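Notes to accompany the following structure.
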Amino acid sequence: MKKTVSFLCAIALLALVHAPASGAEPPRRLKARVTKVYDGASFQLGGGLRSALIGVAAPAPGAPGSEQAHAHLKRLIENRTVTLEIDEKPVDGSGQTLYYVFLEEGGLVNALMVLRGLGRALVKHPNVRYRKELIEAENLARRYRRGVWGSEFDPRDPIDR
């Protein structure tokens with residue numbers, strides 16, 4: 001119980017988004033509706049644009065945890081309007097547009113997925129704006145043996161209730 005309360009506190013802290021340093025260029029943001037979630041890290045926007053979460057390496061389809069990652073991302077963003085933020089390199093090698101995704105409540109979906117252990121932090125230059133949040137999320141997931149860092153995925157996860 002004590003571990004669950006500590007973990008919930010960690011989630012609340014990571015849900016807060018840090019403002020850019022003074023003098024830094026403000027982030028480029030836009031609102032869009034997510035119409036489909038393909039897996040634990042990629043999704044489609046209203047205009048049919050295939051997109052992916054920056055800094056999240058979710059389990060590949062068929063790998064342990066892939067179904068849980070897909071279901072959780074779907075629960076978070078499918079058929080919802082979210083705020084999208086790009087970084088320095090907006091498109092990956094396969095043509096997907098890369099975004100940091102924020103819920104209306106302000107939580108950074110990329111960090112939330114890593115915090116739950118539903119993906120690993122994959123910080124690649126030049127897209128490093130939220131590297132601190134992603135690395136902190138992964139460290140907490142490892143510490144509390146969440147998702148990919150545990151021995152198995154527990155369908156009775158208290159956070160899902």
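Just so you know, all these numbers are worked out from the coordinates, no wet-lab data involved. Computed from a prediction, not measured in an experiment: that's the story for all the values here. So basically every Cβ, Gly included, is an ideal-geometry build from the backbone, and we count neighbours across all protein chains shown.
With respect to residue 69, is the statement that it is within 18 Å of residue 145 (Cα to Cα), small (Gly, Ala, Ser), touching an Asp or Glu at 6+ places or on another chain (Cβ under 6 Å) and crowded, with 19+ Cβ neighbours inside 10 Å true?
Values: within 18 Å of residue 145 (Cα to Cα): yes; small (Gly, Ala, Ser): yes; touching an Asp or Glu at 6+ places or on another chain (Cβ under 6 Å): no; crowded, with 19+ Cβ neighbours inside 10 Å: yes.
Against the criterion (within 18 Å of residue 145 (Cα to Cα), small (Gly, Ala, Ser), touching an Asp or Glu at 6+ places or on another chain (Cβ under 6 Å) and crowded, with 19+ Cβ neighbours inside 10 Å), residue 69 does not qualify.
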Residue pairs meeting the criteria (Cβ under 8 Å; at least 6 apart or on separate chains; first in contact (Cβ under 8 Å) with a residue 24 or more places away in the chain, in region 113-132; second among the basic types (Lys, Arg) and in a loop (DSSP other than H, G, I, E, B)): 115/146; 116/146; 117/145; 117/146; 126/89; 127/89
Total residues in region 97-135, condition farther than 16 Å from residue 58 by Cα and within 10 Å of the chain's Cα centre (by Cα): 2
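Sort out which residues of region 51-65 are farther than 18 Å from residue 81 by Cβ and either in contact with a Lys or Arg (Cβ under 8 Å, 6 or more places away or on another chain) or surrounded by 14 or more Cβ atoms within 10 Å (Cβ to Cβ) (or both), and write them in order of number. Give the derivation first.
Residues of region 51-65 that are farther than 18 Å from residue 81 by Cβ, as a first pass: 52, 54-65.
Within region 51-65, 52, 54, 55, 56, 57, 58, 59, 65 meet the criteria.
In region 74-92, how many residues are closer than 14 Å to residue 102 by Cβ, in contact (Cβ under 8 Å) with a residue 40 or more places away in the chain and either among the polar types (S, T, N, Q) or not in a loop (DSSP other than H, G, I, E, B) (or both)? Talk me through it step by step, then tell me what you get.
Narrowing region 74-92 to residues closer than 14 Å to residue 102 by Cβ: 76-77, 80-87.
Among the residues that remain, those that are also in contact (Cβ under 8 Å) with a residue 40 or more places away in the chain are: 77, 80-87.
Remaining after also requiring either among the polar types (S, T, N, Q) or not in a loop (DSSP other than H, G, I, E, B) (or both): 77, 81-85.
Final tally of qualifying residues: 6.
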